[in-house]
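The block underneath contains the structure these notes are about, expressed in structure tokens.
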Ligand code: AHR
């Protein structure tokens, strides 16, 4: 009897590629230094974007990038970020570290970044301290062709052709940093702002959704404004032991490991609750759920600016990341986009930099190992999760997800246990000619990649034995694996 049975004839919905989206905010060293160093920097760059970071990120096939925030979005005035750099006003980044924001990275630079990454653009507009006119002018500036003063200003600033704006968010966390609004008030604001997004481009509109377990926000906003939206957002961060005890990113014990694994279970339950609320209001399933901020949030690394949210990244992040991405796969009926926070140097990032040096993180390897799932058809995969108890409740030992695209099947597997490997026999309903597999694990759970040792946690090939329709493989403790069958 096989441990895992995958039925390629039983398709369970398409995994939207946008679930593998990223988020870059004007926060700490994400944009400045992490992505953008300016044309005059000694760090090798192309139009200001650092070459080493971009070339690493291109390996991830990033589908979409959200910008400029986050909380920063509701304090951002787009006109500050256009025109000659020396003339751009500078301001205090009041949300993040009270540092000076010189606005050298603005609209044109963002679309240049998307061009270099080969991804689509998701811009978050300012509702909290902005105006309807400001947003409507920004949309005209970005997306219109033809003759208008704003369009000609864009041309004078170097971009003749309109930018392609795929997604527009209307406010961010307007229940908190985006204005401390009540859901009824925000919903009315949303209706007003959305009315003035009149573009020749088909722009997908995203309303500001709830935080964590706040289904009341989802319910009220959906009821009042849902019919004017394409998607509603949801933010859910995961912690070692709640917001008050977020834990250290690179120094934790087995309890910290398992508590954090358990928080992904909380997230799964909350997601189900939000989807149930949406189902009760939007019975035809017209509005998508956009999880445009998620990831592990720990204390900042000692000695770093508390407002910069700079943390390290271990196998705990790779394993919990895979659990969460599998949760999104299974919720593909509603979840059409997700954006991990954040791409570089902030929270659960792909890349860390220090001056001219950089390293990729275990979470980077996770995203690269899972990229074949993008736009794949989710397959029925039956297996025993082998649940076990943690301090808070039970969690699965194994999480497995399989998808098919262009005749190839991808199977990703996380082993959440710190103490035991798992031998698996995977049976499929048809034969395959070739198998390849890779695994990411570490000698110790707190191992990290550093600038001196950038490959300490890096993928290796994994022995997988294929016989017709069966694959035998051992998934090590504390690991993630990806298997490809052709
Ligand atoms: O990602 C960091 C911050 O977390 C974002 O700016 C905000 O939206 C959220 O609270």
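Quick one: which residue in 128, 106, 97 is under 27 Å from residue 337 (Cα atoms), assigned by TED's automatic domain parsing to the domain that holds residue 206 and within 16 Å of the ligand (Cβ to nearest atom)? Explain how you work it out, then say what you get.
On the way: 106 fails: within 16 Å of the ligand (Cβ to nearest atom); 97 fails: under 27 Å from residue 337 (Cα atoms).
128 is the lone residue from the list that is under 27 Å from residue 337 (Cα atoms), assigned by TED's automatic domain parsing to the domain that holds residue 206 and within 16 Å of the ligand (Cβ to nearest atom).
Within segment 51-59, is even one residue under 17 Å from the mean Cα position of the chain (by Cα) and under 30 Å from residue 422 (Cα atoms)?
Checked segment 51-59: at least one residue is under 17 Å from the mean Cα position of the chain (by Cα) and under 30 Å from residue 422 (Cα atoms).
Can you tell me which residues in segment 24-60 are within 16 Å of the ligand (Cβ to nearest atom) and surrounded by fewer than 18 Cβ atoms within 10 Å (Cβ to Cβ)?
none
Assuming residue 348 fulfils every condition listed in (1) more than 16 Å from the ligand (Cβ to nearest atom); (2) in contact with a strand residue (DSSP E or B) (Cβ under 6 Å, 6 or more places away or on another chain) apart from one, which condition is it?
Here residue 348 clears every test but (1).
For residue 393, are the conditions met, namely being away from the ligand (no atom under 16 Å from the Cβ) and within 28 Å of residue 279 (Cβ to Cβ)?
Taking the combined requirement at face value, the residue satisfies it.
In segment 67-83, what residues are touching a residue at least 60 places away in the same chain (Cβ under 8 Å) and either more than 16 Å from the ligand (Cβ to nearest atom) or closer than 16 Å to residue 112 by Cβ (or both)?
78, 82, 83
Give 206, 197 a once-over and let me know the one that is modelled with pLDDT of 95 or more, within 16 Å of the ligand (Cβ to nearest atom), in contact with a strand residue (DSSP E or B) (Cβ under 7 Å, 6 or more places away or on another chain) and under 27 Å from residue 144 (Cα atoms).
Values: 197 fails: within 16 Å of the ligand (Cβ to nearest atom).
None of the others qualify; the one that does is 206.
Within 16 Å of the chain's Cα centre (by Cα) and modelled with pLDDT of 95 or more: is that true of residue 35 in this structure?
no
Being more than 14 Å from the ligand (Cβ to nearest atom), in a helix (DSSP H, G or I), in contact with a helix residue (DSSP H, G or I) (Cβ under 8 Å, 6 or more places away or on another chain) and at pLDDT 95 or above is the requirement here; does residue 86 meet it?
Working: more than 14 Å from the ligand (Cβ to nearest atom): yes; in a helix (DSSP H, G or I): yes; in contact with a helix residue (DSSP H, G or I) (Cβ under 8 Å, 6 or more places away or on another chain): no; at pLDDT 95 or above: yes.
Criteria not met by residue 86.
On the given criteria, is residue 31 farther than 23 Å from residue 355 by Cβ and not assigned by TED's automatic domain parsing to the domain that holds residue 426? Please lay out each step first, then the result.
Numbers: farther than 23 Å from residue 355 by Cβ: no; not assigned by TED's automatic domain parsing to the domain that holds residue 426: yes.
In short, no.
Does segment 260-295 hold any residues that are over 23 Å from residue 342 (Cβ atoms) and either assigned by TED's automatic domain parsing to the domain that holds residue 387 or crowded, with 23+ Cβ neighbours inside 10 Å (or both), and which are they?
Step one: of segment 260-295, the residues over 23 Å from residue 342 (Cβ atoms) are 262, 265, 269, 272-273, 275-287.
Residues satisfying the conditions are 278, 287.
Restricting attention to segment 136-151, does a residue exist that is touching a residue at least 24 places away in the same chain (Cβ under 8 Å), within 16 Å of the ligand (Cβ to nearest atom) and crowded, with 19+ Cβ neighbours inside 10 Å?
No, there is no match, as no residue in segment 136-151 is touching a residue at least 24 places away in the same chain (Cβ under 8 Å), within 16 Å of the ligand (Cβ to nearest atom) and crowded, with 19+ Cβ neighbours inside 10 Å.
Could you check how many residues of segment 166-186 are outside any loop (DSSP other than H, G, I, E, B) and either out of contact with any strand residue (DSSP E or B) (no Cβ under 8 Å at 6 or more places or on another chain) or exposed (fewer than 15 other Cβ atoms within 10 Å of the Cβ) (or both)?
3
The values are calculated or read from the model by the stated rules, or taken from the named source; none is laboratory data. What you see is a predicted model; the values in this text were computed from it and never measured. Cβ sites come from the backbone with ideal geometry, for glycine too, and all protein chains shown count toward neighbours.
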